[in-house]
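Novice: For reference, the structure I am asking about is given below.
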Amino acid sequence: MNEIEIPHKAQRIIDLLEAAGFEAFVVGGCVRDAIMGRTPNDWDITTSARPAQIEQVMAGAGLVTLATGVKYGTVTVRVDHESFETTTFRADGSYSDGRHPDSVELLEHIDGDLARRDFTVNAMAYNPKTGIVDLHGGQDDLSRRVLRAVGDPHTRFDEDALRILRGMRFSSVLGFAIEPETAAAMRADRCLLERVSAERIWAELAKLLCGPDAVRILREYRDVIAVLIPELEPEFGFDQHNPFHAYDVWEHTLHALAAAKPDAPAPMRLGLLLHDIGKPHCLTIDENGRGHMYGHEKVGEPIARGVCRRLKLSRAATDEVASIVRWHMFTIPDTPKSMRRFLLKHGPDLAQELFAVRRCDKVGLGREQPEDSPLNVAFAKAEALMEEQLNAAPVFGVRDLAVGGADLMELGFSQGPRLGQVLRRLLEAVVDGEVANERQPLLDYARRLLD
Ligand code: ATP
Ligand code: MG
């Protein structure tokens, strides 16, 4: 395979740079993905032109540029509302602050630029005139589906330890094996990850968790994961002393994660990874020798929040993860009324996610349950109930009520906290089916609450 189809817009940038006497190539992940027949996320361009020269050439053709990373040699070129990162050939110094290279050196030739890249499959460039530039055996590794560090892995991980996690991420997403020397260095150098910024870690970890091979990687590299999330370590080999569980807590967690649907988002996967994080702190053994972890979801929630805070997840993602941990033991609603309450308590999105989590948690028991087992029957019934309630005109918050604060004030309620309480009462009455979500019945109901 020697030809890659480059999108016209990227080709246009290459043509413009070449016409001005510079070299230019598409490079990195897009070359890897194109050879594999995958659709690249983005097409990055590498060139001998300096940032000011890139800007000048593009301006000459009427294209807008954004100075997104001039310090690192990067200019973003806009072609018809699409962005292309165009970066001067460069060598990176170390990432001693774990965030940015200390210094970058702009280069005249592409060799040094390819040598700074993390894995051989990511270290290829291409343009139609030259064909594939592959100085590190990337094509061989790609065809054998192997990830291999460019150069000496220890040196490369010492320069930027994030590469350790990127290797795991690519292995998870692409299903590639990690070459043994690279893998050994990833394990041996794992503590270097402590100096990498949380933002960079979470960006890679999120992708790792969403890869089809995430569970294999988590299992094989749990000691590396434990550097990022030491809270998981007590789960490794932790015996549940319970015949309902085939696995220790960590293996149970992995089996639960393996049951997640392919489109499950990263916070839900992190929630699954952390759902039993409280268990090792809650074991009691009853008189029959059976283990229980009462309250582990309550103990687990603050631990999970701590993990999210350290990884600097967004507020919304943190709440999602923490809610999964806190509520994964929910009582399965068995009537329309209890289902409405469940939906009201969690909101429709989280409620549906909790059901998905519970399904995974069930699979993770590792004990085949017949379809007519009480748990499976209750679960199937609850899923049908949820479907039904979500399809019926749903009321999930006071804003969905047919009356508002102004209506209540007309009735004689005064502004203040009491108003919110009354709205909440109305909401509960609607959810419980005591009153229809219509203006007059609600006003009549509210009038009775006037004191
Ligand atoms: P994705 O498909 O997720 O975009 P990618 O391979 O394009 O994967 P990016 O993070 O977009 O990954 O980086 C683009 C390219 O830059 C990589 O293919 C690699 O050549 C190089 N690169 C990125 N991060 C590093 C790093 N930390 N160390 C060395 N090279 C890196
Ligand atoms: Mg990319």
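The values are calculated or read from the model by the stated rules, or taken from the named source; none is laboratory data. Model, not experiment: these values are computed from the prediction. Glycine also receives a Cβ, built like all others from the backbone with ideal geometry; neighbour counts cover every protein chain displayed. For accessibility, only protein heavy atoms count, side chains too; no ligands or nucleic acids. Shrake-Rupley method; radii C 1.70, N 1.55, O 1.52, S 1.80 Å.
Novice: Can you tell me which residues in the stretch 121-149 are more than 17 Å from Asp44 (Cβ to Cβ) and not in a loop (DSSP other than H, G, I, E, B)?
Specialist: Passing the criteria: Gly131, Gln139, Asp140, Asp141, Leu142, Ser143, Arg144, Val146, Leu147, Ala149.
Novice: Sticking with this one: Only one of (1) open to solvent by 30 Å² or more (accessible area, probe 1.4 Å); (2) closer than 17 Å to Gly28 by Cα; (3) within 12 Å of ligand 1 (Cβ to nearest atom) fails for Thr46. Which number is that?
Specialist: (1)
Novice: Which of the residues that make up the stretch 228-253 are part of a helix (DSSP H, G or I), of a type outside the set (D, E, K, R) and without any contact (Cβ under 8 Å) to a residue 40 or more places away in the chain?
Specialist: Hits for the stretch 228-253 are Pro230, Val249, Trp250.
Novice: Sticking with this one: Does any residue of the stretch 35-47 turn out to be β-branched (Val, Ile, Thr), in contact with a Lys or Arg (Cβ under 9 Å, 6 or more places away or on another chain), within 16 Å of ligand 2 (Cβ to nearest atom) and closer than 25 Å to Asp141 by Cβ?
Specialist: yes
Novice: Moving on. I need every pair where a residue in the stretch 341-354 that is under 17 Å from Glu428 (Cβ atoms) and part of a helix (DSSP H, G or I) has its Cβ under 9 Å from the Cβ of a residue that is at pLDDT 95 or above and acidic (Asp, Glu), sequence separation at least 6 or different chains.
Specialist: If the second residue must be at pLDDT 95 or above and acidic (Asp, Glu), the pairs left are His346/Glu353.
Novice: Restricting the search to the stretch 83-116, which residues are modelled with pLDDT of 95 or more, within 12 Å of ligand 1 (Cβ to nearest atom) and open to solvent by 40 Å² or more (accessible area, probe 1.4 Å)?
Specialist: Correct list: Glu85, Ala115, Arg116.
Novice: Of the numbered conditions (1) acidic (Asp, Glu); (2) over 26 Å from Ala149 (Cβ atoms); (3) touching a strand residue (DSSP E or B) at 6+ places or on another chain (Cβ under 8 Å), Asp44 satisfies every one except a single condition; which is it?
Specialist: Every listed condition holds for Asp44 apart from (2).
Novice: Turning to a different aspect of this structure: Out of Leu343, Leu354, Leu375, report the one residue that is at pLDDT below 90 and either in contact with a strand residue (DSSP E or B) (Cβ under 6 Å, 6 or more places away or on another chain) or closer than 24 Å to Lys298 by Cα (or both).
Specialist: Matching residue, one of Leu343, Leu354, Leu375: Leu375.
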